[in-house]
1. Could you put ASP120, ASP164 in order of accessible surface area, largest first, with the 1.4 Å probe and the full protein assembly present?
2. Taking the solvent-accessible surface of protein heavy atoms with a 1.4 Å probe, what is the per residue accessible area of the stretch 19-260 in Å²?
3. For the pairs LYS189/LYS213; LYS107/LYS259; LYS86/LYS213, flag any whose C-alpha to C-alpha distance is greater than 21 Å.
4. If I model a spin label as a point 7 Å beyond the Cα along the Cα-Cβ vector, how far apart are those points for MET316 and SER40 in nm?
5. If you wrap the stretch 209-339's Cα atoms in a convex hull and average its projection over all directions, what's the area in nm²?
6. If one takes the longest principal axis of the Cα atoms in the chain, at what angle in degrees, from 0 to 90 and to the nearest 10, does the Cα axis of helix 77-91 lie?
7. What order do LYS50, LYS228, LYS67 take when sorted by accessible area (1.4 Å probe), most exposed first?
8. Roughly how much of PHE35 is accessible, in Å² to the nearest 10, using a 1.4 Å probe?
Amino acid sequence: MQNKTPLYFDYAATTPVDNQVADRMMHYLTMAGDFGNPASVNHHFGRQAKAAVEAARRQVANSIGAKPAQIIWTSGATESCNLGLKGAARNLRQNGSHIIAAQTEHKAVLDVCHALEQEDFSVTYVKPTPSGLIDPSEFEEALRPDTILASIMHVNNETGVIQDIANIGQITKHRNIVLHVDAAQSVGKLPVAVEQLGADLLSICAHKAYGPKGIGALYVRDPSVLGKQALIHGGGHEWGLRAGTLPTHQIVGMGQAFKIAEEELTADELRISQLKQRLWTGLQTVPGTWLSGSFDKCVGGILNVGFEDVNCEDLMLELSDIALSSGAACSSFAQEPSHVLKAMGLSDDQIGSTVRFSFGRFTSTEEIDYVIEAVADAVKKLRK
Ligand SMILES: *Cc1c(COP(=O)(O)O)cnc(C)c1O
């Protein structure tokens with residue numbers, strides 16, 4: 001099998017937009033559709049757009065067990081993490097200045113923590129177990145009397161590992177600490193229920209769940225958590241917390257994507273887990289192969305695999321007809337070894353032998369079988 005267009009195995013970086021989502025988005029762009037400014041509520045065009053935005057807000061809220069008034073539109077999960085963490089930290093400063101985050105957080109959280117350190121907040125970065133899990137007792141040990149805020153991700157984007165957020169949420173609730181959850185990778189892969197998780201703030205985006213890039217949301221349980229701490233000022237949109245004309249087509253796309261994610265969750269997750277089982281069974285026939293993370297406490301569409309004595313850059317060159325990410329993936333601007341795998345105790349050599357396979361709704365069994373064979377051949381060749 002020779003593919004002109006490479007096979008797509010990088011769903012954790014972004015997913016294609018579902019055709020049904022793209023079709024709906026088209027209706028909010030042109031003269032023939034509802035193109036108005038949702039803030040122009042004095043006329044028909046604006047009101048039509050506003051109605052679409054509010055319907056999408058209900059869809060997104062429903063899908064995570066929230067109320068529509070608890071959803072703030074942003075440009076994506078990165079902005080949501082910035083708004084949530086900076087907003088809560090600055091707003092709660094009089095109560096303390098200590099923050100807790102996991103070492104395995106996405107840069108969208110870690111870089112915000114580093115910025116807050118420049119504002120004289122202090123941050124404890126909790127180390128995960130070798131399988132990438134944050135042990136609630138380790139988390140508890142990091143608590144200080146002046147801890148005001150914690151940020152723990154739901155699903156890790158490099159390993160697919162699922163954190164026990166509900167357990168951590170009970171600790172934070174008991175201690176009156178604001179809990180932010182980066183759930184960018186969770187939607188459509190497992191149920192996200194804000195109350196059950198105990199999240200005070202939760203960051204999500206559309207483009208990891210078959211929606212468009214450039215749109216996300218922040219769930220805010222109680223407005224007193226952020227106070228009036230906006231990052232973007234100008235116009236008072238979104239309760240004064242995030243100004244800027246709302247992108248109706250993007251918002252409608254996110255609403256539709258989340259609606260489909262909810263409807264298809266069980267079927268998608270079952271099928272994709274079977275693909276993961278098939279891929280891992282196949283890859284294990286290659287000697288010197290290991291899995292980073294936990295096979296069971298992990299979502300279906302992500303498999304982080306190391307190959308002894310193989311350089312991942314060479315492997316990816318050999319596999320030029322398969323779109324993959326390497327162990328350096330999520331820091332690929334810097335080409336540094338993955339901080340996630342490092343925190344889990346892997347050596348730089350091991351990280352340099354690691355690739356991430358991520359797949360989803362549009363991946364077929366045939367594609368999985370092709371990948372297994374291609375990887376086995378490439379690894380054999382590179383080890384010669
Ligand atoms: C993709 C991702 C982000 C960033 O989301 P954007 O919408 O691209 O800004 C944050 N956290 C995790 C875990 C992600 O996978």
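The values are calculated or read from the model by the stated rules, or taken from the named source; none is laboratory data. Values in this document were obtained by computation on a predicted structure and should not be read as measured data. Cβ: placed from backbone, ideal geometry, glycine included. Neighbour counts: every protein chain shown. Surface areas here come from the heavy atoms of the whole protein model, side chains and all, with no ligands, DNA or RNA. Shrake-Rupley method; radii C 1.70, N 1.55, O 1.52, S 1.80 Å.
1. My answer, sorted largest first, is ASP120, ASP164.
2. Per residue, the stretch 19-260 has an accessible area of 40 Å².
3. LYS107/LYS259; LYS86/LYS213
4. Using points 7 Å along Cα→Cβ, the separation is 4.5 nm.
5. That works out to 11.9 nm², a quarter of the Cα hull's surface.
6. With both axes taken from Cα atoms, the answer is about 50 degrees.
7. LYS228, LYS67, LYS50
8. Number for this one is 90 Å².
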